[in-house]
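> Below is a structure I'd like to ask you about.
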Amino acid sequence: MNTVLKVENLSKRVVSPEGGLVLLHDISLEIFAAESVAIVGASGAGKSTMLGLLAGLDTPSEGKVFIENDDLFALDEDGRARLRSEKVGFVFQTFQLLPNLTALENVMLPIELSGRQDASEVAKHVLDRVGLGVRMSHYPKQLSGGEQQRVAIARAFAPHPKLLFADEPTGNLDHKTGGKIIDLLFELNSEQGATLILVTHDQSLAQRCQRQLELEDGRLRHSS
C-alpha cells in the first residue's frame, strides 16, 4: 500500500513559568492511501495537538511529518499552506465557515485558492451531493448546525484532497444529526478514496474506522 502520511519521532513540548509540559512524546506511525483512522483518547491526551501537527498547523519540538514525499516541516509557512491547499481537507467541530459568505461561496473558496477555474460548478455539484442544493445562497447564520456541518464537509471534499482531517466532527450536533453527518462523511470518503484521519471521543464513530490510534498522556499506547 502507498504511504500517504509518515510520522517520525514526533514530539511537542511547551514551556511556561511553571516549567515544561510534554504534549506529545516520540510518536511514529504510517497511514496509507484510502485508509480511515481514528485518533482516540481521554480529554487532554494530545489528540487535537497531534492532528494540528499532522496537518502542519503547528510545528513540533522534534520529529518529522511527510505527506506523500513532502517533508512538511522542511517547508516554510507559505509552503505548508500551499501543500494543504493541494492535498488536505478539514472538517472542524465548530464548522469554521466564513459568516459573510454564502454556502456556495464557502465551498468555492478552497477550489479557487487551488487555482481551478470551475469553482462554481464543482461547488454546486458537491452541495447537491450533501443535500443542500436549495440552500446554496444561504449564509451560515441561516442554516442549522447540521446544515452548516454539511457545508463544511462539502468544502473539505470539493478540492478532492488526498488527506482529510476531521476534529470531533459531530461534537456540536445532537445524536441523530451527528449520525447522519458521519454516514455522509464515510460515504464521500469512500467515493473519493481520500485518506480519513479523525479525532473523536465517540467510540462508536471510532469503530467505523479501519484502524484506531490511542493516545494516553501524549504517548501512542495502542493501534488496532
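> Please compute the contact order of the chain in relative form: average sequence separation of alpha-carbon pairs under 8 Å and at least six residues apart, divided by the residue count, as a percent.
Rounded, it is 29 percent for the chain.
> Can you tell me the accessible area per residue over segment 97-220, all protein chains present, probe 1.4 angstrom, in square angstrom?
47
> What does the charge add up to near THR59, with Lys and Arg as +1, Asp and Glu as -1, over the other residues with Cβ less than 10 Å from its Cβ?
In short, 0.
> Also, I was wondering about something else. If you add up the charges near ARG82, with Lys and Arg at +1 and Asp and Glu at -1, over every other residue whose beta carbon is less than 12 angstrom from its beta carbon, what do you get?
Residues near ARG82 contribute -2 overall.
> Let me ask something else about it. If each residue of separation counts as 0.36 nm, what is the full-extension length gain between GLN142 and SER190 once their alpha-carbon separation is subtracted?
Difference between extended and current length: 14.3 nm.
> Now, a different point. Can you grab the distance from the C-alpha centre of segment 54-91 to the C-alpha centre of segment 1-45, Å, no decimals?
14
> Okay, moving on. Starting from the Cα of GLU112, move 7 Å in the Cα-to-Cβ direction to define the label point; list residues of segment 128-145 whose amide nitrogen is under 18 Å from there.
136-140
> State the percentage of accessible surface on segment 34-97 attributable to carbon and sulfur atoms; use a 1.4 Å probe and exclude ligands, DNA and RNA. Spell out each step's value before the answer.
Numbers: 1230 of 2840 Å².
Looking at segment 34-97 in its full context, I get 43 percent from C and S.
> Now for a separate question. So, in nm, how far is label LEU29 from label ARG221 when the simple model puts each one 7 Å beyond its Cα toward the Cβ?
1.4
> Would you grab the residues whose amide H sits under 5 Å from the one on GLU68? Only those 5+ places off in sequence or on another chain, please, with H modelled 1.01 Å from N.
LEU5, LYS6
> Near the amide H of VAL91, under 5 Å away, which other amide H atoms are found, from residues 5 or more places off or on another chain, if H is placed in the peptide plane?
PHE165, ALA166, ASP167
The values are calculated or read from the model by the stated rules, or taken from the named source; none is laboratory data. Please read all numbers here as calculations on a predicted model, not as lab measurements. Methodologically, a virtual Cβ is constructed for each residue, glycine included, from the backbone with ideal geometry; neighbour enumeration extends over all protein chains shown. Accessible surface is based on the protein model in full, side chains and every heavy atom, while ligands, DNA and RNA are left aside. Shrake-Rupley method; radii C 1.70, N 1.55, O 1.52, S 1.80 Å.
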